[in-house]
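Handing you this structure, nothing more for now.
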Amino acid sequence: MPRIAVIGAGLIGRSWAIVFAAAGWEVALHDADPQAAEAALGGVAEGLADLARHDLVADAPAAAARVRIAATLAQALDGASFVQENLPETVAVKQAIFTELDRRAAPDAILASSTSSIVPSLFTENLAGRARCLVAHPVNPPHLVPLVELLGSPWTQPAVIAKARAIYQAVGQVPITVNREIEGFILNRLQGALLAEAFRLVGEGYVSPQDLDKTLQDGLGLRWSFMGPFATIELNAPGGMADYCARYAGFYRRLQENPATAAVFDKENVERILAQWQSPPVDRLPRLARERDQRLAALKAHKSRGGVEQTAAPGTAPRKPLSGPR
């Protein structure tokens, strides 16, 4: 049975533990805070039970039993062929932990970081085993949202990327390869562009934050749950993508001549948006996150049964056959 070391038992770490345990891996979960690690076990069991309720894992108790707490980093790495790091998002922290991982892990173990924005060359350059290091950035929570972005540094061996991609596919994730280093990778750059325009539109009074959210959840998001922007525009003009670009490129060019700027994230605009949004009390957020996860589990189950079929880029096989435009 393959073994993974999951370093860091926060929300992302425990979710990775769910992913690998559900796929039959042994999981050694380590956190510098022993209480955090122990608390994570309950979250892992709860997440696996949620998956089982939607027939996404066959035996939740057996999967939960494959997750153990490792008291030390050395214990976590013992016998691990794969390492998933999930520590705080600073270059200094990443450098420190990867120095330890490279020194202690088996020479052929792959070392992956869940960092959401830091390119790997910033924390692996001086490592003896830097060729086996990469970023594997998930979406929160990875046991319910399967995308994972794979990014190597200039010295990462292509075979490491290929092997990591195969592993993530085998455990039910959907890996994509980022071809060269760029801060924020792909997902967060797309999310950042959307957030900037959202902050501009709300901050300048064009729409309320509540109605802007509806624009995504009941508009663009419905299509985007099973097809990306390129597949979307392929079906939005009679002659396909080329026809769409011929028809609408001028409109989009005009929009890009006046894009949202970094000022939309300044304190004044953020406070303007917060006043309209009216955030719930902080102590309600865990319950809201739990409700989100339950709905994501239902959506994942729906997609896995073919209820939402996946489109694919030309020249690639679809994950599910598409029966026709919807």
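Within the bounds of the stretch 88-104, is there any residue that is within 25 Å of residue 41 (Cβ to Cβ) and open to solvent by less than 10 Å² (accessible area, probe 1.4 Å)?
Scanning the stretch 88-104, I find at least one residue that is within 25 Å of residue 41 (Cβ to Cβ) and open to solvent by less than 10 Å² (accessible area, probe 1.4 Å), so the answer is yes.
Does residue 243 satisfy being modelled with pLDDT under 95 and either among the hydrophobic types (A, V, I, L, M, F, W, C) or open to solvent by less than 50 Å² (accessible area, probe 1.4 Å) (or both)?
No.
Further question on the same structure: Could you list, ordered by first residue, the pairs with Cβ atoms under 6 Å in which the first is in the stretch 186-207 and hydrophobic (A, V, I, L, M, F, W, C) and the second is assigned to a helix (DSSP H, G or I) and open to solvent by 50 Å² or more (accessible area, probe 1.4 Å), at least 6 apart or interchain?
207/201
So, one more: Please work out which one of (1) open to solvent by 40 Å² or more (accessible area, probe 1.4 Å); (2) over 22 Å from the mean Cα position of the chain (by Cα); (3) touching a residue at least 40 places away in the same chain (Cβ under 8 Å) is the condition residue 81 fails and give its number.
That leaves (2) as the condition not met.
Out of the stretch 272-302, which residues are out of contact with any Lys or Arg (no Cβ under 8 Å at 6 or more places or on another chain), touching a residue at least 12 places away in the same chain (Cβ under 8 Å) and not acidic (Asp, Glu)?
Passing the criteria: 272, 273, 276, 277, 294, 296, 298, 299, 300, 301.
For the stretch 221-238, indicate whether the set of residues that are over 30 Å from residue 295 (Cα atoms), at pLDDT 95 or above and either surrounded by fewer than 16 Cβ atoms within 10 Å (Cβ to Cβ) or of a type outside the set (A, V, I, L, M, F, W, C) (or both) is non-empty.
Yes - at least one qualifying residue is present in the stretch 221-238.
I'd like the full set of residues that are surrounded by 13 or more Cβ atoms within 10 Å (Cβ to Cβ) and under 21 Å from the mean Cα position of the chain (by Cα), limited to the stretch 199-220.
Residues satisfying the conditions are 213, 216, 220.
Return the residue satisfying two criteria in turn: it lies in the stretch 33-52 and is among the acidic types (Asp, Glu) and open to solvent by 50 Å² or more (accessible area, probe 1.4 Å), and of such residues it is farthest from residue 304 (Cα to Cα).
It comes out as 33.
With the structure loaded, tell me whether residue 217 is over 27 Å from residue 114 (Cα atoms) and free of Cβ contacts under 8 Å to residues at least 24 places away in the same chain or whether it fails that test.
Taking the combined requirement at face value, the residue does not satisfy it.
Additional query: Quick check on the stretch 164-174. Is at least one of its residues surrounded by fewer than 21 Cβ atoms within 10 Å (Cβ to Cβ) and on the phi > 0 side of the Ramachandran plot?
Yes, some residue in the stretch 164-174 is surrounded by fewer than 21 Cβ atoms within 10 Å (Cβ to Cβ) and on the phi > 0 side of the Ramachandran plot.
Need the failing condition index for residue 55 against (1) open to solvent by less than 60 Å² (accessible area, probe 1.4 Å); (2) touching a helix residue (DSSP H, G or I) at 6+ places or on another chain (Cβ under 8 Å); (3) on the phi > 0 side of the Ramachandran plot, just the number.
The single condition residue 55 does not satisfy is (1).
For residues in the stretch 105-120 being more than 17 Å from the chain's Cα centre (by Cα) and farther than 15 Å from residue 30 by Cβ, which is least open to solvent (accessible area, probe 1.4 Å)?
Step by step, filter the stretch 105-120, then rank; the result is 110.
The values are calculated or read from the model by the stated rules, or taken from the named source; none is laboratory data. Only a predicted model underlies this, so the values are computations on that prediction, with no experimental measurement involved. With ideal geometry, Cβ positions are generated from the backbone for all residues, glycine too; neighbour counts draw on all protein chains shown. Heads up: the accessible areas ignore ligands, DNA and RNA and are worked out on the full protein's heavy atoms, side chains in. Shrake-Rupley method; radii C 1.70, N 1.55, O 1.52, S 1.80 Å.
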